[in-house]
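First the structure, in the form of structure tokens, and then the observations on it.
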Amino acid sequence: MTRLSLDSTALAHLKSVVGERGYSDDPAEIAPHLTEWRDKYHGHSPLLLKPATTGEVSAILGICNEAQIPIVPQGGNTGLVGGQMPFDGEILLSLQRMTRLRQIDTQNMSMTIEAGAVLANVQQIAAESGVYFPLSLAAEGSCTIGGNLSTNAGGVNVLRYGSARNLVLGLEVVLADGRVLDLLRGLRKDNTGYDLKQLFIGAEGTLGVITAATLKLFSMPAERETAFASVPDPEAAIALLRRLEERTGELVSAFELIPRTGLEFVLAHIPQVADPLAAPCSWYVLVEVTSGAAPGLRNILESALAAAIDDGVAIDAVIAGSETQRASLWRLRDSLSEAQKYEGGSVKHDVSVPISRIPSFLREAISIVTALVPGARPVPFGHLGDGNIHFNVSVPKGGDDAAFLARWGEIARAIHDLAHRLGGSISAEHGLGVMKRDEILRYKSQEEVDVMRALKRMLDPNGILNPGKVVAV
């Protein structure tokens, strides 16, 4: 690993900008920022900066740009592709102190909040004002709004509300040279040229540092019904989705696919969970429907599920009868990745294909990995409603973790090639980071790559912002 040599005068200047509370060079305090939760990536940094204001972020980037000191922005450190890691001793920039709610406007259905705010807290702030912010994912208790937007996070409600990109009205971004780009407009229609905010959403901190966002809010759901159903196969799952959308008037907000293998992992390793249905089945779906006003949503869901069972589209189903039961059903889904860790090494994929091609993708992908690694245990799950499948593969029972993980690249290449052939993407919601930075060159056109590189060179000519991530320049 290359270790950068950083100018001591510039480092002292950076510390003075943020004051004693705004930095740490204590290895013990920096250490949690240098390992991601899967323990796949490890970084190194001599200095953690914790600015409290946009002005401080501006000053930091101005100094770093002038001295050509590389810097890595980091949100809640929940990323899965290494995009938040300082691999070569870069300075770490955390916005964890920037959590202020600048404005909430329930007439305009918008809120402006700083990038360090934890997603669960943003949801709570909205709820306390009687409105709803729908972005929701398993890491919402620790991930931050800045990180969510920088990676264009997806989560479980994309089907109805869209990904993070669709939930942003405006941004405040600090550019590489320290200039502040104020795009904090609460407008739904603004046709005055390039939509600059979209450049920075999903850019993983390589083009600028998001310091605040104006977010789109929605009416609080008056009714929420959650069901867990077994289905014969993925084709039936898609048929069930379409039935439920038709019967509820497009009120399905989440539709998650779960394989029996994954459910068994959860039942074996996660405390206080139970199998919701009497008989095991190869595939399940977790469904959530929400309504702001229409009464009788439970009756509609019950009727639709009963008809699906009668027609063989579903096998069995249960509807949560309380918030506790709803939470228990979601715990099964949210614990899939955690439970898989107890089963040994796993190779993970975050791919998307057109929804109609999910059954073909699953059949071929399972065949591919079991041929490459006999005994491998595929655990494909995720957001079937928007075409995003987390095609995870666990080591064969009793197998050698190290030997299995050594084949990550080989397995990933086969799955990515398949997704691409079916018109899909090799990264649906996790981003590229360093993991897929070079892999994407296999699938994007030269014209796309050229434009991405040109944008990087224009906005960050000295290459200080999260170097080595997303696209190699």
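The values are calculated or read from the model by the stated rules, or taken from the named source; none is laboratory data. Predicted model only: the values in this text are computed from it and were never measured. Here the Cβ is made from the backbone with ideal geometry for all residues, glycine too, and neighbour counts use every protein chain on show.
Just a few scattered comments:
- Annotation: residue 272 fulfils all but one of (1) of a type outside the set (Ser, Thr, Tyr); (2) at pLDDT below 95; (3) closer than 21 Å to residue 297 by Cβ; the unmet one is (3).
- Qualifying residue in the range 214-226 (condition: in contact with a Phe, Trp or Tyr (Cβ under 7 Å, 6 or more places away or on another chain), in a loop (DSSP other than H, G, I, E, B), over 30 Å from residue 433 (Cβ atoms) and of a type outside the set (Asp, Glu)): yes
- The residues on offer are 247, 242, 185, and the sole one that is over 19 Å from the mean Cα position of the chain (by Cα) and assigned by TED's automatic domain parsing to the domain that holds residue 155 is 185.
- Boolean, residue 258 is under 20 Å from residue 385 (Cα atoms) and of a type in the set (Val, Ile, Thr): yes
- Only one entry of 155, 130, 116, 162 meets the criterion of being more than 22 Å from residue 222 (Cβ to Cβ) and among the small types (Gly, Ala, Ser), and that entry is 116.
- Given (1) surrounded by 22 or more Cβ atoms within 10 Å (Cβ to Cβ); (2) modelled with pLDDT of 95 or more; (3) of a type in the set (Val, Ile, Thr), number of the condition residue 99 does not satisfy: (1)
- Of everything listed in (1) over 17 Å from residue 315 (Cβ atoms); (2) buried (at least 23 other Cβ atoms within 10 Å of the Cβ), the single unmet condition for residue 223 is (2).
- Scanning the range 5-22 for residues that are of a type outside the set (Gly, Ala, Ser) and touching a Pro at 6+ places or on another chain (Cβ under 9 Å) turns up 6, 11, 17, 18.
- Annotation: of all residues in the range 398-440 being in a loop (DSSP other than H, G, I, E, B) and among the hydrophobic types (A, V, I, L, M, F, W, C), the one that is farthest from the chain's Cα centre (by Cα) is 406.
Residue-wise test of (1) assigned by TED's automatic domain parsing to the domain that holds residue 150; (2) more than 23 Å from the chain's Cα centre (by Cα); (3) assigned to a helix (DSSP H, G or I).
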| position | (1), (2), (3) |
| --- | --- |
| 13 | no, yes, yes |
| 32 | no, no, yes |
| 40 | no, no, no |
| 46 | no, yes, no |
| 52 | no, yes, no |
| 57 | no, yes, yes |
| 76 | no, no, no |
| 82 | no, no, no |
| 108 | yes, yes, no |
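- Just one of (1) farther than 20 Å from residue 223 by Cα; (2) among the hydrophobic types (A, V, I, L, M, F, W, C); (3) under 23 Å from the mean Cα position of the chain (by Cα) fails for residue 329. It is (1).
- The helices (runs of 4 or more DSSP H) found wholly in the range 285-397 and carrying at least 3 residues that are surrounded by fewer than 17 Cβ atoms within 10 Å (Cβ to Cβ) occupy 297-310, 323-334, 358-372.
- Scanning the range 330-338 for residues that are in contact with an Asp or Glu (Cβ under 8 Å, 6 or more places away or on another chain) and assigned by TED's automatic domain parsing to the domain that holds residue 240 turns up at least one hit.
- The residue of the range 406-416 that is farthest from residue 356 (Cα to Cα), among those that are surrounded by fewer than 20 Cβ atoms within 10 Å (Cβ to Cβ) and in contact with a helix residue (DSSP H, G or I) (Cβ under 8 Å, 6 or more places away or on another chain), is 407.
- Test for residue 211: is it surrounded by 14 or more Cβ atoms within 10 Å (Cβ to Cβ) and among the polar types (S, T, N, Q): yes
- Hey, residue 382 over 26 Å from the mean Cα position of the chain (by Cα) and over 18 Å from residue 411 (Cα atoms) or not: no
- Helices (runs of 4 or more DSSP H) lying entirely in the range 119-189 (those with 1 or more residues that are more than 20 Å from residue 291 (Cα to Cα), out of contact with any Asp or Glu (no Cβ under 6 Å at 6 or more places or on another chain) and of a type in the set (A, V, I, L, M)): 119-128, 145-150
- The set of residues in the range 247-264 that are of a type in the set (S, T, N, Q) and in a strand (DSSP E or B) contains only 253.
- Annotation: residue 179 fulfils all but one of (1) crowded, with 23+ Cβ neighbours inside 10 Å; (2) under 29 Å from residue 46 (Cβ atoms); (3) in the same structural domain as residue 194 (by TED's automatic domain parsing); the unmet one is (1).
- In summary, residue 204 fulfils each of the numbered conditions (1) surrounded by fewer than 23 Cβ atoms within 10 Å (Cβ to Cβ); (2) of a type in the set (Asp, Glu); (3) in a loop (DSSP other than H, G, I, E, B) with the single exception of condition (1).
- Test: residue 463 is on the phi > 0 side of the Ramachandran plot, not assigned by TED's automatic domain parsing to the domain that holds residue 382 and not β-branched (Val, Ile, Thr): yes
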